[in-house]
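Q: Below is one structure. I have some questions about it.
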Amino acid sequence: MLTTKNEPEWIFPFEAMAIGDSFFIPTLHPEELIYAINCGAKRAKMRFRPFIIVYNGLIGVRAWRIR
């Protein structure tokens, strides 16, 4: 979990995810969120592929579990 100024605490659903599952988190700081996802995935011994996208008019990060 990581928090940045003016953003809520990020909680990642790693344990409940199967390969091919994804999640989206809206954020104004996508680079920081990608870093947090990659660090958390490494600790969980999983791999994710995060992308910065616009979804329903919100900028954020969608991450897919790939391993």
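Q: Relative contact order of the chain: what whole-number percent is it, with Cα pairs under 8 angstrom and at least 6 residues apart?
A: Here the relative contact order equals 36 percent.
Q: Nearest 0.05, what FRET efficiency do Ala16 and Ile59 give at R0 = 30 Å with Cβ-Cβ as r?
A: 0.75
Q: On to the next question. Once label points are set 7 Å from the Cα along Cα→Cβ at both Lys45 and Glu9, what is their separation, rounded to one decimal in nm?
A: 2.6 nm
Q: Based on Cβ point charges of +1 for Lys and Arg and -1 for Asp and Glu, what charge dipole magnitude is obtained for the chain about its Cα centre, in debye rounded to the nearest 20?
A: In total the dipole reaches around 380 debye.
Q: Counting Lys +1, Arg +1, Asp -1, Glu -1, what net charge surrounds Ile66 among other residues with beta carbon under 11 Å of its beta carbon?
A: Values: positive: Arg47, Arg49, Arg65, Arg67; negative: Asp21.
After counting each charged neighbour, the total is +3.
Q: Can you give me the distance in nm between label points at Phe24 and Ile52, each placed 7 Å from the Cα along the Cα-to-Cβ direction?
A: Once both label points are built, they end up 1.7 nm from each other.
Q: Could you pull out every residue, at least 5 positions away or on a different chain, whose amide H is within less than 5 Å of the one on Phe48? Hs are placed 1.01 Å off N in the peptide plane, and Pro or chain starts have none.
A: Ile66
Q: Could you tell me which label, among (i) 11.2, 32; (ii) 10.4, 28; (iii) 12.0, 33, carries the value of Rg and Dmax of the Cα atoms in Å calculated for this structure?
A: Label of the calculated value: (i).
Every read-out reported here was derived from the displayed coordinates using simple, explicitly stated rules and does not represent laboratory data. Bear in mind that the values here come from a model prediction, so they are computed numbers and not experimental data. Cβ sites come from the backbone with ideal geometry, for glycine too, and all protein chains shown count toward neighbours.
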